[in-house]
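Accompanying notes for the structure given below.
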Amino acid sequence: DVKVTQSSRYLVKRTGEKVFLECVQDMDHENMFWYRQDPGLGLRLIYFSYDVKMKEKGDIPEGYSVSREKKERFSLILESASTNQTSMYLCASSLGLEDTGELFFGEGSRLTVL
Amino acid sequence: AQSVTQLDSQVPVFEEAPVELRCNYSSSVSVYLFWYVQYPNQGLQLLLKYLSGSTLVKGINGFEAEFNKSQTSFHLRKPSVHISDTAEYFCAVSDYGGATNKLIFGTGTLLAVQP
């Protein structure tokens with residue numbers, strides 16, 4: 001089975017802090033994604049990566065950046081956290097080029113910014 | 001671009017009753033369709049998927065969905081629900097753009113099963 005592991009399940013940070021959310025997958029998937037989930041809004045794509053060192057903006061990239069130095073690891077960075085970034089963050093991976101788009105998700109990281 | 005509509009934000013139902021969660025998508029081309037389930041404080045888990053072939057798709061936990069191309073719908077059904085089915089359910093459609101397929105999600109339907 002594919003396993004996607006998010007390093008922190010719950011985080012509490014202060015406004016202005018730099019926040020790193022880490023995600024690791026163990027099935028050699030090419031694609032990795034970061035979504036945020038908010039009540040009534042569903043899942044919104046922040047960034048995705050289809051190869052090492054490659055990244056593309058999703059629907060809501062403002063205030064976020066990403067890093068993919070190794071195939072199995074995809075990090076989401078909040079350079080200066082703000083209260084409106086309080087949310088559930090979900091990492092996912094998919095097989096790669098020519099795949100169906102099926103995603104495998106981590107358990108989620110619930111971030112609270114005070 | 002693709003879009004997905006889940007009209008019902010919440011569906012209350014009694015235990016052992018049947019349930020249908022509605023999903024409509026916007027596309028005139030071939031698509032891949034998915035239903036995911038999210039239990040409280042967990043990530044999303046694949047329930048079932050339609051890629052091609054039979055329009056009736058069976059998934060885990062007794063759920064099934066029917067792909068209807070003419071109505072651009074992919075409704076999820078279960079003939080008899082359990083308390084343990086209480087969760088949020090997300091419909092998703094694949095969207096090819098640029099380098100790879102991405103999934104576009106609906107806003108979710110909370111299934112609340114009451115005893």
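The values are calculated or read from the model by the stated rules, or taken from the named source; none is laboratory data. In this text the structure is predicted, and so the values were computed from the model without any measurement. Ideal geometry is used to build each Cβ from the backbone, glycine not excepted, and the neighbour counts take in all protein chains shown.
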> Out of (1) at pLDDT 90 or above; (2) buried (at least 20 other Cβ atoms within 10 Å of the Cβ); (3) in a strand (DSSP E or B), what's the single condition that is false for B:Leu103?
Replying inline: (1)
> Got a number for residues in the stretch B:48-70 being within 14 Å of chain A (Cβ to nearest Cβ) and part of a loop (DSSP other than H, G, I, E, B)?
Replying inline: 4
> Could you count how many residues in the stretch A:1-46 are in a strand (DSSP E or B) and either among the small types (Gly, Ala, Ser) or touching a residue at least 60 places away in the same chain (Cβ under 8 Å) (or both)?
Replying inline: 16
>> Looking at the stretch A:77-101 only, could you name the residues that are crowded, with 19+ Cβ neighbours inside 10 Å and assigned to a loop (DSSP other than H, G, I, E, B)?
In response: A:Ala81, A:Leu95, A:Gly101
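Taking the stretch B:71-100 as the search range and keeping residues that are in a strand (DSSP E or B) and surrounded by fewer than 16 Cβ atoms within 10 Å (Cβ to Cβ), which one is farthest from the other protein chains (Cβ to nearest Cβ)?
It comes out as B:Arg77.
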> Is at least one residue of the stretch B:66-75 modelled with pLDDT under 95 and of a type in the set (Val, Ile, Thr)?
Replying inline: yes
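Determine which member of the set A:Glu30, A:Glu62, A:Glu69 is over 22 Å from B:Gln38 (Cβ atoms), more than 10 Å from every other protein chain (Cβ to nearest Cβ) and more than 14 Å from the chain's Cα centre (by Cα).
A:Glu69
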> For B:Lys58, all conditions in the list (1) at pLDDT 95 or above; (2) buried (at least 16 other Cβ atoms within 10 Å of the Cβ); (3) in contact with an Asp or Glu (Cβ under 8 Å, 6 or more places away or on another chain) hold save one; what is the number of the exception?
Replying inline: (2)
>> What pairs come out if I take residues in the stretch A:49-76 that are in contact (Cβ under 8 Å) with a residue 24 or more places away in the chain and assigned to a loop (DSSP other than H, G, I, E, B) and pair them with residues that are among the small types (Gly, Ala, Ser) and surrounded by 15 or more Cβ atoms within 10 Å (Cβ to Cβ) whose C-beta lies under 8 Å away, six or more apart or interchain?
In response: A:Tyr50/A:Gly96; A:Tyr50/B:Ala99
> Quick one: A:Gly106 ticks every box in (1) at the interface with chain B (Cβ under 8 Å from one of its Cβ atoms); (2) more than 23 Å from B:Leu44 (Cβ to Cβ); (3) not aliphatic (A, V, I, L, M) bar one, so which box is it?
Replying inline: (2)
> Is at least one residue of the stretch B:48-57 touching a helix residue (DSSP H, G or I) at 6+ places or on another chain (Cβ under 8 Å) and not charged (D, E, K, R)?
Replying inline: yes
